[in-house]
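**Student:** Handing you a structure now.
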Amino acid sequence: MYQIPFTSKNAEDAFKAALVKVDANLVPFREKFPDDTTYKNVYYPRKDRNGEMTGANIGWTTSFWTGILWLAYEWTKDEKYREVAQVQVDNFITRMETASDVDHHDLGFLYSITCIADYKLNGSQKSRDGAILAAETLMKRFWEKPGIIQAWGRMDDPKQRGRAIIDSLMNLPLLYWASLETGNPRYAVAALRHATQLQRYQVRPDATTYHTFYFNTETGEADHGETAQGFADDSCWARGQAWAMYGFPLSYIYTRRESFLKTATALTDYFLAHTPSDRVAYWDLAFGDGSGEEKDSSASAIAVCGMLELAKYLPAQKAASYRQQALEILKSLVDNYSTRDHPESNALLLHSVYSKPGKHGVDEACLWGDYFYMEALMRVMNPSWRLYW
Ligand code: GLY
């Protein structure tokens, strides 16, 4: 018998507390986008490539702010959220049409929770077309021989050529969706090949994950794993594991491949076995209590969403166990990491790590942590929530 540690009423209270912060950000971050992470727990407008604070729509994280607005609108039906989200969606369409900073794999992060969300919630045709264009652009990064999507850099950059990263599993729903919308299977075929290659090579036999993995683009052979944001090449970067815990169930939704559920279950069991006493992960699963290392609350928020999604497709007992543990983690995020009692912060979820090796956004709030915190709360308030992914 499982206890419910966190009810939909608790989730709604936390969501409402977060909306107070969102409301305060509506004016300063209407046309301007916040930076990837806070500075001393406060978001400022995003810096452009010259280091100026312009709030430009560049990088991979601007969509999370728009996604939060769609969640806020969907739950409250308050037009003030929709109005600002719509301004930003138009900006995303322009970004795609002008091909502004779109030469990377993150187009799924950028277009699922902005344009596809708008299309699903409001039936906007121009948002649909913007997202199809994003899928088309993402296809340019697909290497036919190994069957993977290159994550970063120019396709002829020797350091990045044939390099896939585990985060990319979250970019695949854009491609599956594009096939459903257009009737053209090529997007979904590429997505399935990519997911299958990552499942085979990027997931290790002990159910941990490499952050990045190189494939030979001429022979198609798998080469080697390497970290970028984790502690070591052979450690398990917590957020990478969380991306995969959510990403494989998302591939399952569109492909119905049972093996994706099996993989996600193994990854989840490993993640849960390495959660510390307050249930919120350290930035690399190599670390535990007493290590003195920082937590990555964003990894745990993503993991909660992944577990709640995965539980929908598992036998009752396993599903109940995952739901219970997801709620325990979420309760800890609300009680110990949210900004509910932090008037000085304009963020939602404190204590994440963007890149410890890169000394970037360490122990700060981040846009994706805020978004997945809100999505997790939405999932508890409305278990039949229709995914934007
Ligand atoms: N997708 C990049 C990151 O999780 O830091």
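**Student:** From the square roots a ≥ b ≥ c of the eigenvalues of the alpha-carbon gyration tensor of the range 66-130, which class results: rounded (a/c under 1.5), prolate (a/b over b/c), or oblate? The partial results should precede the final answer.
**Tutor:** On the way: a/c = 2.05, a/b = 1.88, b/c = 1.09.
In terms of gyration-tensor shape, prolate.
**Student:** Would you calculate the convex hull of the Cα atoms in the range 233-357 and tell me its volume per residue in Å³?
**Tutor:** 120
**Student:** Can you bin the chain into rounded, prolate or oblate? Criterion: square roots of the alpha carbon gyration tensor eigenvalues sorted a ≥ b ≥ c, rounded for a/c under 1.5, prolate for a/b above b/c, oblate for the rest. Present the calculation step by step, with values, prior to reporting the outcome.
**Tutor:** Details: a/c = 1.29, a/b = 1.07, b/c = 1.20.
Rounded is the answer for the chain, as its axis ratio a/c remains below 1.5.
**Student:** Okay, next question. Averaging over every viewing direction, what projected area does the convex hull of the Cα atoms of the range 1-111 cover, in nm²?
**Tutor:** 9.3
**Student:** Once phi is turned into θ = phi - 60°, what whole-Hz ³J(HN,Hα) does the Karplus curve with 6.51, -1.76 and 1.60 give for every residue of the range 326-338, x standing for Gly and Pro?
**Tutor:** 4, 5, 5, 5, 4, 4, 5, 4, 5, 6, 10, 10, 6
**Student:** Roughly how compact is the range 178-286, stated as its Cα Rg over 2.2 N^0.38 Å to two decimals?
**Tutor:** Relative to the rule-of-thumb radius for its length, the range 178-286 sits at 1.15.
**Student:** How large is the direction-averaged shadow of the alpha-carbon convex hull of the range 281-347, in nm²?
**Tutor:** 5.6
**Student:** Something else now. If one puts a single equal scatterer on every Cα of the range 23-172 and applies the Debye formula without solvent, what log₁₀ I(q)/I(0) results at q = 0.08, 0.11, 0.15 Å⁻¹?
**Tutor:** Once normalised to I(0) and log-transformed, intensities are -0.23, -0.44, -0.80.
**Student:** Considering the alpha-carbon set of the range 92-235 alone, what are its Rg and its Dmax in angstrom?
**Tutor:** Cα-based Rg and Dmax for the range 92-235 come out at 15.4, 45 Å.
**Student:** Just subtract the alpha-carbon distance of D233 and D129 from 0.36 nm times their residue separation and send over the number in nm, one decimal.
**Tutor:** Here the segment from D233 to D129 would lengthen by 33.5 nm.
**Student:** Kindly provide the trypsin sites (Lys or Arg not before Pro) of the range 1-73 that DSSP labels as loop, not H, G, I, E or B, and whose Cβ sees at most 12 other Cβ atoms within 10 Å.
**Tutor:** Working: sites: K9, K16, K21, R30, K32, K40, R46, K47, R49; in loops: R30, K32, K40, R46, R49.
For trypsin sites (Lys or Arg not before Pro) across the range 1-73 that sit outside H, G, I, E and B with at most 12 neighbouring Cβ atoms in 10 Å, the list reads K40, R49.
**Student:** Continuing with this model, one more query. In whole Hz, with x marking every Gly and Pro, tabulate ³J(HN,Hα) for the range 159-165 from phi via Karplus 6.51 cos²θ - 1.76 cosθ + 1.60, θ = phi - 60°.
**Tutor:** 6, 10, 4, x, 9, 9, 10
**Student:** Express the carbon and sulfur contribution to the solvent-accessible surface of the chain as a percent, rounded to the nearest whole number, probe 1.4 angstrom.
**Tutor:** Percent of accessible area from carbon and sulfur atoms in the chain: 51.
**Student:** Identify the GluC sites (Glu not before Pro) of the range 37-79 meeting these criteria: DSSP loop state and at most 14 other C-beta atoms within 10 Å of the C-beta.
**Tutor:** E52
**Student:** Ok, one more. Search the structure for amide H atoms under 5 Å from the amide H of W143, placed 1.01 Å from N in the peptide plane, and list their residues when 5 or more places away or on another chain.
**Tutor:** Result for W143 returns I148, I149, Q150.
**Student:** Taking loop as defined by DSSP and a crowding limit of 15 other beta carbons within 10 Å, which trypsin sites (Lys or Arg not before Pro) in the range 109-147 fit?
**Tutor:** In loop regions of the range 109-147 (DSSP not H, G, I, E or B), the sparsely surrounded trypsin sites (Lys or Arg not before Pro) are K140.
**Student:** What whole-number value in Å² describes the accessible area per residue of the chain for a 1.4 Å probe?
**Tutor:** 38
**Student:** Under 24 Å from the Cα of K145, which lysines turn up, not counting those fewer than eight places away in the same chain?
**Tutor:** K159
The values are calculated or read from the model by the stated rules, or taken from the named source; none is laboratory data. This one's a predicted model, so the numbers in the text were calculated from it and none came from an experiment. Glycine gets a Cβ as well: all are built from the backbone with ideal geometry, and neighbour counts include every protein chain shown. With ligands, DNA and RNA removed, areas are computed over all heavy atoms of the protein, side chains included. Shrake-Rupley method; radii C 1.70, N 1.55, O 1.52, S 1.80 Å.
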